[in-house]
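No lab work stands behind these numbers, since they all come straight from the coordinates. Just so it is clear, the model here is predicted, and its values are computed rather than measured. Quick reminder, even Gly has a Cβ in these numbers, built from the backbone with ideal geometry, and neighbours come from all protein chains shown.
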Amino acid sequence: MSKNDQAGRPPRFSTLTPGSFPAIRMRRNRQADWTRRLVAENRLSADDLIWPLFVIDGENQRVAVPSMPGVERLTIDLIVEAAHQACALGIPAVALFPNTDPALRSDDASDAFNGDNLVCRATRAIRDAGLNIGIILDVALDPYTSHGHDGLVIGERIDNDKTLEALIKQSLVQAEAGASILAPSDMMDGRIGAIRSALESAGLSDTLLMSYAAKYASAFYGPFRDAVGSSSTLKGDKSTYQMDAGNTNEALREVALDIAEGADMVMVKPGMPYLDIVQRVSEEFQLPTFAYQVSGEYAMLMASAERGWLDKDRVMMESLIAFKRAGAAGVLTYFAPEAARALKATD
Ligand code: PBG
């Protein structure tokens, strides 16, 4: 008889009685497509997908992102079209990221508080189209700062508390523009609480917060920074605010704090290299936990697919089901429309 586990739970039946060959043949359940479907433990659906989109100024223009084959930055009119497509495919939400005109980037990130900035105009345009879709906006200053950091630089440091004041202003204009979910991605301490209380005071109590709670200082963000135009401006790295790749317990503390401060959902980012974190967070906290399959993960798979080294459709689906297996409620992925189309085809 094996012992109870650390939580005092008795061992499960399957570990008590592993059985033996030939009475047990694991391959029986895998013998046909119908048995495999019948015993499937996890399934991906369009409902699990969030589609990140890059917004540029102008009209009827698409500009390719060379390090992200298949991804284009879109003007607002085309962003609205993309949102229509997302709806038709059953994708519940889009996440918008602005590529701000370099002339509007400044040390104080003032365009972030301009209710008529690119991302706010894009949000209003989608809202005006009357679509049944969630709009997620990042809360962080990097698209607006001349130095590419997510916070305000005072002297040599990213100043936490001054940045909080800026994030509050940014959150309020974005929520007023019609963002359904604000996703603070800046990793400043105390920002979830600060934003939540500002939203409550402004009567914006329905605005959801999806915290980028465990966000690692990662080289996998490179192509995203190309897309939003911050790779050339970024001075130094983000390791004084984003997490160190070797840490796990610290991620749990980050998540616990964000939940206590009022996060409705949390996110782990990047995705594939951090699936262990996705699993631990979703198990420990039992709240909707999202993973971001970031730009570098997409670039990696697409580059291999372009060379014919990997089968794109298959690695796309395999990489996405991995997030479900790890316990994620959903995935932010640049594959969203393609994956949703593939899922529709097999319906
Ligand atoms: C900005 C932000 C980043 C990403 C999402 N929001 C980049 C960064 O922190 O430097 C990365 C997304 C991706 O790589 O796909 N705070």
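Report for region 43-346 the percent antiparallel among DSSP-assigned beta bridges with both residues inside it, nearest 5.
15
Starting with the fewest neighbours, write out Tyr216, Tyr292 ranked by other beta-carbon atoms found within 10 Å of each beta-carbon. Working shown, then result.
Details: Tyr216 24, Tyr292 27.
Exposure proxy ranking, most exposed first: Tyr216, Tyr292.
Under a 5 Å amide H to amide H cut-off, with H placed in plane at 1.01 Å, what residues pair with Thr240 once short-range neighbours are removed?
The list, which skips near neighbours in sequence, is empty: none.
In Å³ and rounded to a whole number, note down the convex hull volume per residue for the Cα atoms of region 120-244.
112
Test of understanding: ordering Phe21, Phe220, Phe323 by Cβ neighbours within 10 Å, fewest first, what list do you get?
Fewest to most other Cβ atoms nearby, the residues stand as Phe21, Phe220, Phe323.
With everything on Cα atoms, drop me the angle between helix 249-261 and the longest principal axis of the chain, reported from 0 to 90° to the nearest 10.
Roughly 60 degrees between the two axes.
Can you compute the helix-only [θ] at 222 nm over the chain? Use -39500 (n - 2.57) per DSSP H run of at least 4 residues, normalise by all residues, nearest 500 deg cm²/dmol.
On the way: 12 runs with 132 residues, N = 347.
Helix contribution divided over all residues of the chain: -11500 deg cm²/dmol.
With r as the distance between the Cβ atoms of Glu176 and Asp47 and R0 = 35 Å, compute the FRET efficiency 1/(1 + (r/R0)^6) and round to 0.05.
0.80
Set the Förster distance to 22 Å, then compute FRET efficiency between Leu38 and Asp311 from the Cβ-Cβ distance, nearest 0.05.
Numbers: r = 25 Å, r/R0 = 1.14.
E between Leu38 and Asp311, to the nearest 0.05, is 0.30.
Quick one: Cα centre-to-centre distance for region 158-202 and region 74-148, in angstrom?
Answer, in whole Å: 16.
Would you mind ranking Met210, Met300, Met316 so that the residue whose beta carbon has the fewest other beta carbons within 10 Å leads the list?
Met300, Met316, Met210
Could you pull out the pairs from Lys269/Lys312; Lys215/Lys235; Lys169/Lys324; Lys238/Lys312; Lys162/Lys324 whose alpha carbons sit more than 29 Å apart here?
Details: Lys269/Lys312 22 Å; Lys215/Lys235 19 Å; Lys169/Lys324 35 Å; Lys238/Lys312 31 Å; Lys162/Lys324 38 Å.
From Lys269/Lys312; Lys215/Lys235; Lys169/Lys324; Lys238/Lys312; Lys162/Lys324, over 29 Å: Lys169/Lys324; Lys238/Lys312; Lys162/Lys324.
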